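First the structure, in the form of structure tokens, and then the observations on it.
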There are 2 protein chains.
Amino acid sequence: MTDSSARGVYVAALTPMNDDLSPNHAAFASHCRWLLASGADGLAVLGTTGEANSFSVDERLALLDALGEAGIPGRALLPGTGTCAIPDTVTLTRKALELGAAGVVMLPPFYYKGVGDDGLFAAYSEVIERVGDDRLRVYFYHFPAQSNVPISHDLIERLLKVYPTAIAGIKDSSGDLSNMLAMCERFPGFGVFAGSEQFLLPVLRAGGAGCISATANVTVAACAEIYRQWQKEEAGRLQEGLTAQRLAIQSQALVPALKQIMARHSGDQSWIKIRPPLMPLAAEQAKSLFDALDATGFSLARAA
Amino acid sequence: MTDSSARGVYVAALTPMNDDLSPNHAAFASHCRWLLASGADGLAVLGTTGEANSFSVDERLALLDALGEAGIPGRALLPGTGTCAIPDTVTLTRKALELGAAGVVMLPPFYYKGVGDDGLFAAYSEVIERVGDDRLRVYFYHFPAQSNVPISHDLIERLLKVYPTAIAGIKDSSGDLSNMLAMCERFPGFGVFAGSEQFLLPVLRAGGAGCISATANVTVAACAEIYRQWQKEEAGRLQEGLTAQRLAIQSQALVPALKQIMARHSGDQSWIKIRPPLMPLAAEQAKSLFDALDATGFSLARAA
């Protein structure tokens, strides 16, 4: 059983794009730098929020290299590297290690459904063996609504037995707090990250590692404040305010909503660009988002 | 509105593998040649059955090149090219056109769920525009149980209006015959392929194009016989026998079951190799499969 070294508030960073929908490396590095300066403990780049699966492997490798060249410290990174194909997952994971990443967030292969724990055990084992690097720290990515391939507790236990060092934790984006708490209890030292800052405080209080969150792109400072204060009683009030902001944002499709918020608060409309099949919010959706968000007293300026 | 040029029995060809789970090019070409000699009108290589999503883009490109080098005629091919990432889909589609493929079977980007018709319209449009080739013929791949991203009739209509030549048809793997028949009626000239030979006869009688089927890897000769005879009354009896075989095979996980059947009938146990997360059948599953299949009077030798 391993002790999770990654702890705290990790942002599932957005990926800004150019007019031709290619990734904008400079804007990406600048956003990542701003997130770290705003209190993020680290960056789960190239995840669902970063539209990683809408990029080719080469585009993802180039984005990781761009962060390295921009001086973003590798230790701050938990890149998403799980794909449908073992060779691609291995390639991306090796690149993350080359940059000195603290770990990787690894989706299971998500095309085939109903493959069962034996198939997922074989897939994760094959990747770990092929990467063959003692520095590897794998954080499972449990996101049943998106991947339709859930990570069971039995699978975690089986893999922990064989790879006690490489298996480091999980990002739980199920939205089911009881699942997160059950893992904190069953697997001591295993790094349980809530997939939403809505559950940051209860997960920390249960011994979990923190959160890896999409909405933290715009709520990072408030998340960091809770992480600093979680052992104090007033953290409960902070969590209530943060939860209200999270719920306001997720009233719309999450990735377009976050890009819309970044565009409004930065004044840079190119933030809205997004790769199909995701689409920018329609005008009435954006208005509804901002009405809901403004009602919570949200301010990105304050966060920055 | 276009007239579908691809018609008849297309096999979603299996991909044989080496011991290290790399694709076995020679065995792949040999299997494809055998399928064409056994009555297949064409080969939908690199689909769900071909484990395409478990291969990197480079591995898929190399498999397509291997078929070209082995003398498999490009016109017989309907390669699967749809991925989660537009650049990858474009790369694979261009390779298919370079080989002279009759068309491509294109999954929608399947990571993000609930994206709606606007997002899928944008994704398919972006691919068609980027490929920018008059020879392109797109067959949608409707497989809601696997992709969780269904292709609606309204989406088809919208894309047909803008790209009347490029949008050529659909592989419908929903298992819902009424959906196939409704498309035959609503979109004359649009090539509706049943995703299982279980529906070959009713789809042909409704004006559909044929079938693109996984199980046709081992039932190809019987499928071809129905396609030759479909206007005759006795075709109904042939369809009944074929349906019994299909149902026997799909009593187990389809891709491992088909590889198991190929291993038994060829005597070559390397056929069983499969990439995780798919797994070979357990011994008792294989026995149950063969018991069910033998009860139908199935013989691969007869088919060959």
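The values are calculated or read from the model by the stated rules, or taken from the named source; none is laboratory data. If you're wondering where the values come from, they're calculated on a predicted model, not measured in any experiment. Note that we place each Cβ from the backbone using ideal geometry, even for glycine, and neighbour counts take in every protein chain shown. Ligands, DNA and RNA are stripped out before the accessible areas are found, and what is left, the full protein with its side chains, is counted by its heavy atoms. Shrake-Rupley method; radii C 1.70, N 1.55, O 1.52, S 1.80 Å.
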Taking the convex hull of Cα positions in region A:66-160, its mean projected area over all directions (nm²): 6.1 nm²
Whole-Å distance, taken between Cα centres, linking region A:227-303 and region A:141-194: 27 Å
Compute the FRET efficiency between A:Asp118 and A:Ala182 as 1/(1 + (r/R0)^6), taking r as their Cβ-Cβ distance and R0 = 22 Å, and round to the nearest 0.05. 0.50
Of the cross-linked pairs B:Lys95/B:Lys232; A:Lys113/B:Lys232; A:Lys95/B:Lys171; A:Lys95/A:Lys232; B:Lys95/B:Lys259, which ones have a Cα-Cα span greater than 30 Å in the structure shown? B:Lys95/B:Lys232; A:Lys113/B:Lys232; A:Lys95/B:Lys171; A:Lys95/A:Lys232
Quick one: grab the alpha carbon gyration tensor of region B:168-234, order the square roots of its eigenvalues as a ≥ b ≥ c, and give me rounded if a/c is under 1.5, else prolate or oblate depending on whether a/b is larger than b/c. oblate
Averaged over peptide A:83-93, how many Cβ atoms belonging to another chain are found within 10 Å of each residue's Cβ? 5
Within the protein assembly as shown, what whole-number % of the accessible surface is contributed by carbon and sulfur, with the 1.4 Å probe and all protein chains included in the calculation? 50 percent
Within region A:231-304, trypsin sites (Lys or Arg not before Pro) in DSSP loop having at most 12 other beta-carbon neighbours inside 10 Å: A:Lys232
For a quick check, take a GNM of chain B with Cα springs below 10 Å and name the residue from B:Glu69, B:Glu233, B:Glu185 with the largest mean-square fluctuation. B:Glu233
B/A buried area, accessible surface, summed, 1.4 Å probe, Å²: 3100 Å²
When chain A is treated as a Gaussian network with springs between alpha carbons less than 10 Å apart, the largest mean-square fluctuation among A:Ala257, A:Ala168, A:Ala282 is found at A:Ala282
What helix-only [θ] at 222 nm does chain B give? Using -39500 (n - 2.57) per DSSP H run of at least 4, over all residues, to the nearest 500, the answer is -14000 deg cm²/dmol
Fraction in percent of alpha-carbon pairs per bin - 20 Å, the protein assembly as shown: 20, 50, 26, 3, 0
Rounded to the nearest 5, what is the percent of antiparallel bridges among the DSSP beta bridges in chain A? 5 percent
Rounded to the nearest 0.05, what FRET efficiency is calculated for A:Val162 and B:Gln231 with R0 set to 56 Å and r the Cβ-Cβ distance? 0.45
In A, who owns the beta-carbon nearest the axis carrying A over to B, and how many Å from it? A:Asn148, 3
Under the Karplus relation 6.51 cos²θ - 1.76 cosθ + 1.60, θ = phi - 60°, what is the ordered set of whole-Hz ³J(HN,Hα) values for region A:278-295, x standing for Gly and Pro? 6, 9, x, 5, 6, 4, 6, 5, 5, 5, 4, 4, 5, 4, 5, 6, 4, 5
Where does the charge balance sit around A:Pro16 when Lys and Arg score +1, Asp and Glu -1, over other residues with C-beta under 10 Å from its C-beta? +1
Enumerate the residues in region B:227-267 having an amide nitrogen under 11 Å from the point lying 7 Å beyond the Cα of B:Ser288 toward its Cβ. B:251-253
Express in whole angstrom the spacing between the alpha-carbon centres of region B:5-51 and region A:55-121. 30 Å
In Å², what does the accessible area per residue of chain A work out to with a 1.4 Å probe? 35 Å²
